[in-house]
Amino acid sequence: MKSLLVAALLGGAFLAMDAQAAGDPEAGKGKIAACAACHGTDGMGTAPIYPNLAGQSAAYLESAMKAYRDGQRGGGMSAIMAPQAQGLSDEDIADISAYYASLEP
């Protein structure tokens, strides 16, 4: 019984940490100027070669942008995305991800 209680408490703590790590969509809206040129302010790509971001998982968007920023993601559009992501902090990336994830596709 004790181990079940400990597991529940730890699980709750991890969920709380995850919630705190989530970005702020309102803050993200103010940080998408460079993103909007290709992905639109509404999260819909401005041309068929640019992916729609509206409604994507915030966790996916965040991990993708960090991978571009950190040089861990190559191919495809990395030549365009890596320089765009270079100046973004973890908080910027979380906020931008939360903003695009909050939009309806």
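Figures for the structure shown
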| item | result |
| --- | --- |
| Those residues of the stretch 64-105 which are more than 20 Å from Gly30 (Cα to Cα) and of a type outside the set (A, V, I, L, M, F, W, C), in sequence order | Tyr68, Asp70, Gly71, Gln72, Arg73, Gly74, Gly75, Gly76, Ser78 |
| Pairs where the first residue, in the stretch 60-72, is over 19 Å from Ser102 (Cβ atoms) and open to solvent by less than 70 Å² (accessible area, probe 1.4 Å) and the second is of a type in the set (Gly, Ala, Ser) and assigned to a loop (DSSP other than H, G, I, E, B), C-beta under 9 Å, 6+ apart | Arg69/Gly87 |
| Output for the stretch 84-105, where each listed residue is surrounded by 14 or more Cβ atoms within 10 Å (Cβ to Cβ), closer than 20 Å to Asn52 by Cα, touching a Gly at 6+ places or on another chain (Cβ under 9 Å) and not hydrophobic (A, V, I, L, M, F, W, C) | Asp92, Asp95, Ser97, Tyr99, Tyr100, Ser102 |
| Flag if Gly75 is within 21 Å of Ile93 (Cβ to Cβ) and modelled with pLDDT under 95 | yes |
| Qualifying residue in the stretch 34-52 (condition: surrounded by fewer than 11 Cβ atoms within 10 Å (Cβ to Cβ) and either farther than 17 Å from Pro105 by Cα or modelled with pLDDT under 95 (or both)) | no |
| Every pair of residues 6+ apart whose Cβ atoms lie under 8 Å, when the first sits in the stretch 81-105 and is in a loop (DSSP other than H, G, I, E, B) while the second is of a type outside the set (A, V, I, L, M, F, W, C) and crowded, with 20+ Cβ neighbours inside 10 Å | Gln86/Arg69; Leu88/Arg69; Leu103/Gly43; Pro105/Gly43 |
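The values are calculated or read from the model by the stated rules, or taken from the named source; none is laboratory data. Remember, it's a predicted structure, so these values are computed and weren't measured experimentally. Note: ideal-geometry Cβ built from the backbone for every residue, glycine included; neighbour counts use all protein chains shown. When the accessible area is computed, the model is the full protein with side chains, heavy atoms only, and any ligands, DNA or RNA have been set aside. Shrake-Rupley method; radii C 1.70, N 1.55, O 1.52, S 1.80 Å.
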